[in-house]
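Step one of this worksheet: look at the structure below.
Every number in this text was worked out from the coordinates using simple rules, so none of it is lab data. Note that the structure is predicted; figures quoted are calculated from it, not measured. Here Cβ is always computed from backbone atoms with ideal geometry, including for glycine, and neighbour counts include all displayed protein chains.
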Amino acid sequence: MGVGVIYRGPTKDKPGDPIPVLFHDYTAETYIITSGSGILTTGGVIENKKPSVGVPNVMNGPSGTGTAGRGAYSRRVQTGDIIIIPTGVAHGWSQITDHVTYLSVRPDPDRVLPAGWVYPTLLKNAPEQVKTGTLTSSGN
């Protein structure tokens with residue numbers, strides 16, 4: 001299970017611009033919006049679909065990118081909204097005027113990510129025992 005708080009700042013897109021989207025081959029996501037708002041587009045046909053080749057998305061396993069196409073649904077989301085994005089469904093943000101912060105919950109029942117994996121940015125300021133894997137359950 002991956003859990004993280006994600007902050008997205010303002011986007012520079014305009015209404016009608018193409019909406020870049022992601023999709024994940026094996027993981028679903030749940031977003032719980034904790035502050036801010038923006039337009040979240042999900043579903044539909046993924047145009048210009050490109051799977052990630054050689055460099056899988058380390059937070060979600062094998063994934064890809066594209067552009068939102070026919071059948072995609074856009075709606076404004078804001079504080080308190082909860083969105084469930086099934087495996088393989090396109091999703092992308094646009095028209096964020098200030099920010100949007102959300103709790104992202106990513107179940108990994110097929111164990112796409114390796115056991116003990118830690119997002120690299122989190123390791124930058126971690127104690128040496130965490131970086132080397134020598135921290136025990138008793139904390140020493």
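Calculate the spin-label point distance for THR87 paired with ASP13, positioning each point 7 Å from the Cα along the beta-carbon direction, and give it in nanometres. My value for the distance between the label points is 2.6 nm. The charge dipole of the range 2-114, taken about the Cα centre with unit charges on the Cβ atoms of Lys, Arg (+1) and Asp, Glu (-1), comes to about 180 debye, rounded to the nearest 20. With 0.36 nm allotted per residue and the present C-alpha distance subtracted, the ASP98-VAL45 stretch has 16.2 nm of extension available. For the range 2-114, the Kirkwood radius over C-alpha pairs fed into Stokes-Einstein at 37 °C and 0.692 mPa s yields D = 229 µm² per second.
Of the residues THR11, SER52, LEU103, the one whose Cα sits farthest towards the positive end of the charge dipole of the range 2-114 is THR11 (charges of +1 on Lys and Arg Cβ, -1 on Asp and Glu Cβ, taken about the Cα centre).
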